[in-house]
């Protein structure tokens, strides 16, 4: 069986985590409306007012006048996705990434799989603040659909015997590889659902779909058996925090850095890795940003070690003289896995 972990409105979800004042409020992530920017993600609060991905940002803001517009920050979203996948690796070493908002993992075919998937969603929420959904199915397509349509329970388990019935009611446009032109041809034939697609005769199916007909029919029947293609580990991790009250007090900023270092160290512990490069990014109230980076001779791990390097870097910025709105802590130059229980004391400097 496969588990598909999916984060709805991923970019907007990360923005709400990084800036807690956005939680419960409509958020739109996208380009500059003055430059014909389009929506790349929107929170559930914005979608409830009619905002959808791909529409012009100007139109989205007209529908949702009180929304907070945030620019797309792909590096940050990649790192948030890597943090989630580090959690998933504690359950299975074989993961396949599907964009930034979804990941497949292999699971045992036993009754505990539902509990395992639910536990992963709870852990992701507890440690990252991001709400995820889980879909369980015997094939990639079934697990993918189940995760994306998990409903308010946020988890959906489709047995192998129930896959065909589960797929029947979905629109045919959900089938992977079926483009708009083919969808129009199928609609002209009166085919709107996956069940109706399956009922087409082989001759009509091949005439409409062409050489991809057999593959799509396998998807429609829940019989695709493509194996997972494991994705590589992340090359860096980062955490960010927007301060509710901007400050230039180094003690207060140090406390925030310690919290960010704790989060990063949890990832390193899970993956049994160390880092040699530490970067601190500072965002001031006037929107100007500064960053400082240090690459160490020896690898480090542990929240205290990471925090000490981060504090040194923070002092090299203008943070002691200007109010800070946002802090970012990143580690990179990651080592391979160390043996569990490695007792060596790693050098800080």
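The values are calculated or read from the model by the stated rules, or taken from the named source; none is laboratory data. In this text, all values refer to a predicted model and were calculated from it rather than measured experimentally. We place every Cβ from the backbone using ideal geometry, glycine too, and count neighbours over all the protein chains shown.
Within the bounds of the range 176-192, is there any residue that is closer than 22 Å to residue 2 by Cβ, in a helix (DSSP H, G or I) and modelled with pLDDT of 90 or more?
Looking for residues that are closer than 22 Å to residue 2 by Cβ, in a helix (DSSP H, G or I) and modelled with pLDDT of 90 or more, one finds none in the range 176-192, hence no.
Might you check whether a residue that is exposed (fewer than 14 other Cβ atoms within 10 Å of the Cβ) and in contact (Cβ under 8 Å) with a residue 24 or more places away in the chain occurs anywhere in the range 137-156?
No, the range 137-156 contains no residue that is exposed (fewer than 14 other Cβ atoms within 10 Å of the Cβ) and in contact (Cβ under 8 Å) with a residue 24 or more places away in the chain.
Hey, could you check the range 102-127 for residues that are in contact with a strand residue (DSSP E or B) (Cβ under 6 Å, 6 or more places away or on another chain) and not in a helix (DSSP H, G or I) and say which is nearest to residue 160 (Cα to Cα)?
So the residue we want is 107.
Looking only at the range 304-327, filter to residues that are under 19 Å from residue 80 (Cα atoms) and buried (at least 20 other Cβ atoms within 10 Å of the Cβ); which one of those is farthest from the chain's Cα centre (by Cα)? Reasoning before the result, please.
First, pick out the residues of the range 304-327 that are under 19 Å from residue 80 (Cα atoms): 306, 326-327.
Cutting the leftovers down to buried (at least 20 other Cβ atoms within 10 Å of the Cβ) gives us 306, 327.
Numbers: 306: 25, 327: 21 Å.
By that ranking, first place goes to 306.
Tally time: how many residues in the range 193-218 are touching a helix residue (DSSP H, G or I) at 6+ places or on another chain (Cβ under 8 Å) and either assigned to a loop (DSSP other than H, G, I, E, B) or assigned by TED's automatic domain parsing to the domain that holds residue 145 (or both)?
Selection size over the range 193-218: 1.
So which residues in the range 174-186 are touching a helix residue (DSSP H, G or I) at 6+ places or on another chain (Cβ under 8 Å) and farther than 12 Å from residue 145 by Cβ?
If the condition is that a residue be touching a helix residue (DSSP H, G or I) at 6+ places or on another chain (Cβ under 8 Å) and farther than 12 Å from residue 145 by Cβ, then 177, 178, 182, 183, 185, 186 are the ones that fit.
Tell me which residues, restricted to the range 33-47, are over 21 Å from residue 242 (Cβ atoms) and in contact (Cβ under 8 Å) with a residue 12 or more places away in the chain.
Within the range 33-47, 33, 36, 37, 38, 39, 47 meet the criteria.
Would you pick out the residues in the range 269-280 that are surrounded by 20 or more Cβ atoms within 10 Å (Cβ to Cβ) and in a strand (DSSP E or B)?
275, 278, 280
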